[in-house]
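K.L.:
Structure provided below as structure tokens; questions to follow.
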Amino acid sequence: MEYLDPESFLGIFASAAAVIMFGAIYVGIFTLVKIEKIKPLYIALAYLAWGVQTYSMVMLGTLVKSDPFTVKILVAAMVGYLLVPHFIYFLVHRTHERFEHN
Amino acid sequence: MSIATPKYLSQSLAMKYFFVAVVLFGAQLVMGLIAAYQFIDPEFLFNVFNFSTARMVHINALVVWMLYAMIGSAYWMLPEETGIETVGIKLGTLGFYVLTLAVTVVVLVYILVQVGPGTEASIWLINEGREYLEAPRWADIGITVVVLIFVYNVFATVMKGKRTGITTVLMADLIALAGLYLAGMFYTSNITMDQFWWWWVIHLWVEATWEVFVGVLIAYGLIKVMHANRQIVEMWLWIEVTMLFGSGILGMGHHYFWIGTPEYWWEIGALFSALEPVPLVGMLVHVIYDMGKHNGKVNNGPAFNWFIVNAFGNFLGAGVWGFMHTLPQINIYTHGSQFTAGHGHLAFYGAYATILIGMMYVAIQRRNGIEEMRSTSTSKWAVSLITIGVLGMTVALTLSGYVQAFVERAEYGATWDGYFIAQGATWFTQGIDWRLAMGVVTFIGFLLLVKDLLTIAKRSKALANS
């Protein structure tokens, strides 16, 4: 494992925090649009948050000196993260429909 | 208006557990304030009540008050979930008094005796010497017996009464919770192996079994406070439990980075630690969905407020502060620094303290047959001050931890000199000062919380009758 440049510490902490924070913003806005609590056009903000999250993840991977292959894996994981809220929302929504309309 | 609430002995026992939990919560905060002040003035109580002792009691009180509140919550839920009185409740009550007596003796020994010679007798009678699990051997065995009584109470009651998804998950979780404690009760002569097993208790309790326990409480709370649909909540409980165990068990790898275990733990720890926030995504979608569907209609304002703080506190404390330094490349610089303490403060508060306090409000409401319990100004001040205080401590400790990572670890290579130079750095000391100030804010919030817990039922009844 390579030693890190201390100057990159702040960037590492900030980008790691941004990964989780923008992930939450993405999920939050996405769900609020889906349950029609805010206007549908805000979905663009949700995907923008996901974009910032993905950028933060790549930045984090680079700053901690991950090898290029690992960075590609991280990007693939972020595509997975893009889909996860869709899947979870689908499950929640379908179960609500199933049990509340019985 | 009031709701008919049968008086179960199990719920009376739960109230006793909650009472002791609040007393220990107060003790935790007092010890934390003493330790925080000793960071600023190291002469304070030097050789009378040293920092190491104050810190030990601070952390042990945290663990024990949360266990008390968890056991209390389970005794509270059991009759409502199963429809019958808890089986063996007299034995359970005896267990409560034995446990409380044991905890009192252990705390008095911690405070008055503190340490002993490096002999077997010290391990049995004074302190086992393992961080967070310092309870002497006799108390360890006593705790195990009391927990086994508790497990018997839960299993026997669920077998006899109605079985729900919530109680089924609770039973499965209790096997792991009780069983894992045994891993902290034996020694090996190799420090790496010893730490390996020790983490089974510390990590797997906190990031697997406690998280699942909290999932059970959230499920119960959503049903009681928001009238959420039981079938949906229970289905989600199973999914979240699967995700929590799936990421939490091997997420333990982030504690194996630097204790002498093989290097493959770096990859395992990094991968599964990175997955640990994923269950939180599921929870977030679920909570927002439920709030939207119920238009924020709740029958217990203060409990709901604490549940909301739980959702965000868990996300920030465990998710954000955890992920900031969970990768091995950066963890090598932050491990064991104030950065870890910052993460610990917000994660324990956000994930556990909040939901347990919420459960206390649920119990007070239902015990007193109050149909709708609204937040008082004291409730709001309490939750606000405690949250601001803990967040403030977390930010302050993070700043101090950053200095440690930068100066002590990176610039001076974790040397003795580096340690003291970092301790004297302006940003470090300012962070430590602010931690104490925010600790005082937290303590004021705690006093208001106690006042509110003691008076809110009377106020709510008076409001309903007026």
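The values are calculated or read from the model by the stated rules, or taken from the named source; none is laboratory data. Every value quoted in this text rests on a predicted model; they were computed, and no experiment measured them. For neighbour counting, all protein chains shown are included, and Cβ atoms are generated from backbone atoms with ideal geometry for every residue, glycine included.
K.L.:
Can B:GLY413 be described as more than 14 Å from chain A (Cβ to nearest Cβ) and either touching a Phe, Trp or Tyr at 6+ places or on another chain (Cβ under 9 Å) or over 20 Å from B:TYR37 (Cβ atoms) (or both)?
P.N.:
Spelling it out, it is not the case that B:GLY413 is more than 14 Å from chain A (Cβ to nearest Cβ) and either touching a Phe, Trp or Tyr at 6+ places or on another chain (Cβ under 9 Å) or over 20 Å from B:TYR37 (Cβ atoms) (or both).
K.L.:
Considering only residues that are in contact (Cβ under 8 Å) with a residue 40 or more places away in the chain, farther than 28 Å from B:GLN38 by Cβ and of a type in the set (Ser, Thr, Tyr), look in the range B:55-103 and name the one that is surrounded by the most Cβ atoms within 10 Å (Cβ to Cβ).
P.N.:
It comes out as B:TYR75.
K.L.:
Would you pick out the residues in the range B:292-304 that are surrounded by fewer than 21 Cβ atoms within 10 Å (Cβ to Cβ), more than 8 Å from chain A (Cβ to nearest Cβ) and of a type in the set (Gly, Ala, Ser)?
P.N.:
Those that are surrounded by fewer than 21 Cβ atoms within 10 Å (Cβ to Cβ), more than 8 Å from chain A (Cβ to nearest Cβ) and of a type in the set (Gly, Ala, Ser): B:GLY296, B:GLY301.
K.L.:
Further question: Kindly indicate whether A:ALA46 is surrounded by 19 or more Cβ atoms within 10 Å (Cβ to Cβ), away from every other protein chain (no Cβ under 11 Å), within 16 Å of the chain's Cα centre (by Cα) and at negative phi.
P.N.:
yes
K.L.:
If you go through the range A:4-33 one residue at a time, how many are farther than 19 Å from B:VAL278 by Cβ and either at the interface with chain B (Cβ under 7 Å from one of its Cβ atoms) or buried (at least 22 other Cβ atoms within 10 Å of the Cβ) (or both)?
P.N.:
Residues that pass the stated criteria total 6.
Residues checked against (1) in contact with a helix residue (DSSP H, G or I) (Cβ under 8 Å, 6 or more places away or on another chain); (2) more than 14 Å from chain A (Cβ to nearest Cβ); (3) touching a residue at least 60 places away in the same chain (Cβ under 8 Å):
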| residue | (1), (2), (3) |
| --- | --- |
| B:ARG230 | yes, no, yes |
| B:THR242 | no, no, no |
| B:PHE245 | yes, yes, no |
| B:LEU284 | yes, no, no |
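K.L.:
May I pose another question? Quickly run through the range B:207-228 and pick out the residues that are under 20 Å from B:PRO277 (Cα atoms) and either in a loop (DSSP other than H, G, I, E, B) or in contact (Cβ under 8 Å) with a residue 40 or more places away in the chain (or both).
P.N.:
B:GLU207, B:ALA208, B:TRP210, B:GLU211, B:VAL212, B:PHE213, B:VAL214, B:GLY215, B:VAL216, B:LEU217, B:ILE218, B:ALA219
K.L.:
Spot the failing condition for A:LYS65; the list is (1) without any contact (Cβ under 8 Å) to a residue 40 or more places away in the chain; (2) within 20 Å of A:GLY11 (Cα to Cα); (3) part of a loop (DSSP other than H, G, I, E, B), and only one is missed.
P.N.:
It is condition (1) that A:LYS65 fails.
K.L.:
Here's a follow-up. Quick check on the range A:59-83: of everything there that is at the interface with another protein chain (Cβ under 10 Å from one of its Cβ atoms) and either out of contact with any helix residue (DSSP H, G or I) (no Cβ under 6 Å at 6 or more places or on another chain) or exposed (fewer than 11 other Cβ atoms within 10 Å of the Cβ) (or both), which residue is nearest to A:PHE22 (Cα to Cα)?
P.N.:
Ranking the qualifying residues of the range A:59-83, first place goes to A:TYR81.
K.L.:
Looking at A:MET1, is it outside any helix (DSSP H, G or I) and either hydroxyl-bearing (Ser, Thr, Tyr) or at the interface with chain B (Cβ under 9 Å from one of its Cβ atoms) (or both)? Can you show your working first?
P.N.:
Numbers: outside any helix (DSSP H, G or I): yes; either hydroxyl-bearing (Ser, Thr, Tyr) or at the interface with chain B (Cβ under 9 Å from one of its Cβ atoms) (or both): yes.
Yes, satisfied.
K.L.:
Oh, and also: Give, as residue ranges, the helices (runs of 4 or more DSSP H) completely inside the range B:333-410 that count at least 2 residues that are within 16 Å of B:TRP321 (Cβ to Cβ).
P.N.:
Where helices (runs of 4 or more DSSP H) fall fully within the range B:333-410 and carry at least 2 residues being within 16 Å of B:TRP321 (Cβ to Cβ), they are B:338-348, B:377-403.
K.L.:
For the range B:338-372, enumerate the residues that are within 14 Å of another protein chain (Cβ to nearest Cβ) and either surrounded by fewer than 24 Cβ atoms within 10 Å (Cβ to Cβ) or over 21 Å from B:MET438 (Cα atoms) (or both).
P.N.:
Of everything in the range B:338-372, those that are within 14 Å of another protein chain (Cβ to nearest Cβ) and either surrounded by fewer than 24 Cβ atoms within 10 Å (Cβ to Cβ) or over 21 Å from B:MET438 (Cα atoms) (or both) turn out to be B:THR340, B:ALA347.
K.L.:
Let me ask something else. Test of understanding: among B:PHE257, B:PHE272, which residue is assigned to a loop (DSSP other than H, G, I, E, B) and either closer than 27 Å to B:MET235 by Cβ or within 12 Å of chain A (Cβ to nearest Cβ) (or both)?
P.N.:
Only one candidate qualifies: B:PHE257.
K.L.:
Would you check if there is a residue in the range B:307-324 being more than 8 Å from chain A (Cβ to nearest Cβ), modelled with pLDDT of 90 or more and in a loop (DSSP other than H, G, I, E, B)?
P.N.:
Within the range B:307-324, not a single residue is more than 8 Å from chain A (Cβ to nearest Cβ), modelled with pLDDT of 90 or more and in a loop (DSSP other than H, G, I, E, B).
K.L.:
Can we say B:TYR289 is touching a strand residue (DSSP E or B) at 6+ places or on another chain (Cβ under 7 Å), in a helix (DSSP H, G or I) and either facing chain A (nearest Cβ under 9 Å) or not basic (Lys, Arg) (or both)?
P.N.:
Taking the combined requirement at face value, the residue does not satisfy it.
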